[in-house]
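J.: Sharing a structure below in structure tokens format, with a few things to ask.
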Amino acid sequence: MALQTDSPFLAAATGRRVRHTPVWFMRQAGRSLPEYRAIRGEGSILEAITRPEVAAEITLQPYRRYGVDAAVLFSDIVVPAHAVGFGIDVAPGTGPVAERPLRSAADLDRLRSLQAEDVDYVARTVELVVAELPAEVPVLAFAGAPFTIASYLIEGRPSRTYQHTKALMHSDEVLWHRLMEHLAAMSLEFIDIQLRHGARAFQLFDSWAGALSDADYRRFVAPHTRTVFDELAVRHPDVAGIGFGIGCDHLLEAMHEAMTAIPGRPVVMGLDWRTPIAAARRRLGPDLVVQGNLDPALVLAGTEVALAGAEAVLADNDSHPGHIFNLGHGVQPDTDPEVLAAVVELVHERTAP
Ligand code: CP3
């Protein structure tokens with residue numbers, strides 16, 4: 001087996017020099033790929049995820065097409081809540097929907113703790129993918145962070161205002177923290193299962209945390225995000241953890257603190273396109289390892305615009321070793337795969353010594 005240092009992704013995630021800057025894309029598997037649409041079939045994505053052969057094939061598709069440096073498991077952030085029987089599904093074109101949203105202490109009963117058997121298909125998928133990939137290309141585990149999952153369970157559907165979520169956290173702080181403790185345990189168990197079956201780094205998606213003020217994030221969310229990072233640092237001290245949210249520039253310090261309470265474990269700060277890489281390093285330290293952050297909209301604007309955008313991201317990073325190239329959010333379904341292929345090629349070429 002190749003040494004960890006042979007893996008551009010794993011080397012960059014720990015801030016070491018790499019033979020080229022590693023690239024992967026959030027939502028790299030999905031509707032932008034014709035081979036995904038061909039294999040995915042009808043029905044809920046949650047059903048497709050329960051079929052390991054299908055899920056493994058979909059996970060590998062972007063690796064084969066783009067030569068990306070990591071394969072993110074084909075799964076979804078609502079898989080654990082669905083697997084314990086909360087009653088949540090993913091509606092095509094909409095996102096996660098719960099028929100009976102969580103609004104009271106009694107609703108917590110529908111959120112029993114996650115057991116490995118609940119998601120045995122996920123463990124099997126990881127194993128199948130690991131067996132297909134060269135040792136230098138790691139499988140990335142992921143889970144939704146407690147706040148982002150809470151927002152779906154409480155709102156019952158995607159939201160712009162998070163009014164029910166914010167009302168609950170401010171009106172019943174005891175219930176809020178009980179819920180968040182449950183969700184932190186669920187997220188960390190879900191990631192732990194993926195790591196135990198062969199994934200070698202993880203990303204915690206707190207996609208919608210940017211809706212909160214810094215004060216509310218620190219009081220209602222950070223302690224629970226911290227639980228996930230702390231407990232995984234204890235169980236897997238060498239495994240790098242990536243934290244990510246959209247529109248979280250104002251939360252950067254608070255998020256980073258929640259990720260780094262246990263010193264010594266490798267962490268990666270995921271940035272969306274609003275936060276310049278250089279600014280993040282000025283605020284959080286010159287050795288900060290970052291992931292990002294090409295605006296996914298630029299990829300929709302054609303090859304020339306996308307490549308100019310990718311060059312600007314590389315210039316912003318200024319040859320610093322701790323950089324994992326990604327978009328600032330997920331690949332949009334209308335994205336032309338040829339444009340993403342050109343971005344991967346450019347990043348690999350420009351950063352090779
Ligand atoms: O390639 C990858 O990144 C791997 C798979 C992945 C999916 N979802 C598969 C998926 C990942 C990492 C996710 C994470 C996820 N899911 C997030 C966090 C990332 C982010 O975008 O901020 C969130 C918020 C969700 C919830 C979710 N699931 C939404 C909002 C949607 C879109 C609904 C739609 O149809 O537009 C989904 C569905 C989903 N998850 C799809 C895929 C490939 C597309 C729909 C399908 O094929 O049925």
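The values are calculated or read from the model by the stated rules, or taken from the named source; none is laboratory data. Remember, predicted model here, so these are calculated numbers, not experimental data. No Cβ is skipped: glycine too gets one built from the backbone with ideal geometry, and neighbour counts run over all protein chains shown. Keep in mind that these areas ignore ligands, DNA and RNA; they rest on the heavy atoms of the full protein, side chains included. Shrake-Rupley method; radii C 1.70, N 1.55, O 1.52, S 1.80 Å.
J.: Please state the charge dipole magnitude for the stretch 92-152, taken about the Cα centre, from unit charges on C-beta atoms (+1 on K and R, -1 on D and E), reported in debye and rounded to the nearest 20.
T.: I would put it at about 360 debye.
J.: If you take the square roots of the eigenvalues of the alpha-carbon gyration tensor of the stretch 1-71 and sort them as a ≥ b ≥ c, do you get rounded (a/c under 1.5), prolate (a/b over b/c) or oblate?
T.: Verdict is prolate for the stretch 1-71.
J.: On a full-extension model of 0.36 nm per residue, what is the gain between Asp336 and Glu311, subtracting their alpha-carbon distance, rounded to one decimal in nm?
T.: 7.1 nm
J.: Just to be sure I understand the rule: take each whole DSSP H helix in the chain, project its Cα atoms onto its long axis, keep it if the span is 27 Å or more and its mean Kyte-Doolittle hydropathy is at least -1.0. Which ones pass? Intermediate values should be presented prior to the final figure.
T.: Values: long enough: 173-196 (34 Å, 0.32).
Helices passing the filter in the chain: 173-196.
J.: Going 7 Å from the Cα of Arg219 in the Cα-to-Cβ direction, what parts of the stretch 242-270 have a backbone nitrogen less than 18 Å from that spot?
T.: 251, 254-255
J.: Here's a follow-up. Along the Cα-to-C-beta direction of Ser171, a point sits 7 Å from the Cα; which residues of the stretch 93-119 have their amide N less than 19 Å from that point?
T.: Under 19 Å, as judged by backbone N against the label point of Ser171, lie 100-109 of the stretch 93-119.
J.: Could I ask something else about it? Could you pull out every residue, at least 5 positions away or on a different chain, whose amide H is within less than 5 Å of the one on Ile324? Hs are placed 1.01 Å off N in the peptide plane, and Pro or chain starts have none.
T.: When sequence neighbours closer than 5 places are left aside, the close amide H contacts are Val290, Gln291, Gly292.
J.: Same structure, new question: Work out, step by step, the length gained on full extension between His20 and Ala131: first 0.36 nm times the residue separation, then minus their alpha carbon distance; give nm to one decimal.
T.: Roughly 37.6 nm would be gained on extension.
J.: Between Asp6 and Asp287, what's the calculated FRET efficiency when r is the beta-carbon distance and R0 is 25 Å? Round to 0.05. Before the final figure, lay out the partial values.
T.: On the way: r = 22 Å, r/R0 = 0.88.
Efficiency computed from Cβ-Cβ geometry: 0.70.
J.: Given Cβ point charges of +1 (Lys, Arg) and -1 (Asp, Glu) and nothing else, what value in debye, to the nearest 20, does the dipole of the stretch 8-351 about its Cα centre take?
T.: 380 debye
J.: If only Cα atoms are counted, what is the Rg of the chain, and what is its Dmax, in Å?
T.: That works out to 19.0, 59 Å for Rg and Dmax.
J.: Take the solvent-accessible surface of the protein heavy atoms, probe 1.4 Å, and return the percent of it on the stretch 8-351 that carbon and sulfur atoms account for.
T.: Values: 6680 of 13250 Å².
Accessible surface attributable to carbon and sulfur in the stretch 8-351 totals 50 percent.
J.: Using the charge dipole of the chain (Lys, Arg: +1 at Cβ; Asp, Glu: -1 at Cβ; taken about the Cα centre), state which of Thr125, Ser187, Ile77 has its Cα farthest towards the positive end.
T.: Most positive-ward Cα: Ser187.
J.: Shifting gears a bit: In terms of the Cα gyration tensor, with a ≥ b ≥ c the square roots of its eigenvalues, is the stretch 143-195 rounded because a/c is under 1.5, prolate because a/b exceeds b/c, or oblate?
T.: Oblate shape, in that a/c is at least 1.5 and b/c is the bigger or equal ratio.
J.: For the stretch 104-113, in order, what is each residue's ³J(HN,Hα) by Karplus, 6.51 cos²θ - 1.76 cosθ + 1.60 with θ = phi - 60°, in whole Hz (x at glycine and Pro)?
T.: 9, 4, 4, 5, 5, 4, 7, 10, 5, 6
J.: Calculate, for Gln115 and Glu304, the FRET efficiency according to 1/(1 + (r/R0)^6) with r their C-beta to C-beta distance and R0 41 Å; round to the nearest 0.05.
T.: 0.20
J.: Separate question: So who's got an amide H within less than 5 Å of the one on Val97, skipping anything under 5 residues away but keeping other chains? H placed 1.01 Å off N, in plane.
T.: Amide H to amide H, under 5 Å and 5 or more residues apart or across chains, Val97 pairs with Asp89, Val90, Ala91.
J.: Let me ask something else about it. Using r as the Cβ-Cβ distance of Arg350 and Asp249, and R0 as 25 Å, what FRET efficiency do you calculate, to the nearest 0.05?
T.: For R0 = 25 Å, the calculated efficiency reads 0.45.
J.: May I pose another question? Accessible area per residue of the stretch 8-351 at 1.4 Å probe, in Å²? Walk me through the intermediate numbers first.
T.: Numbers: 13250 Å² over 344 residues.
Here the residues of the stretch 8-351 average 39 Å² of exposed surface.
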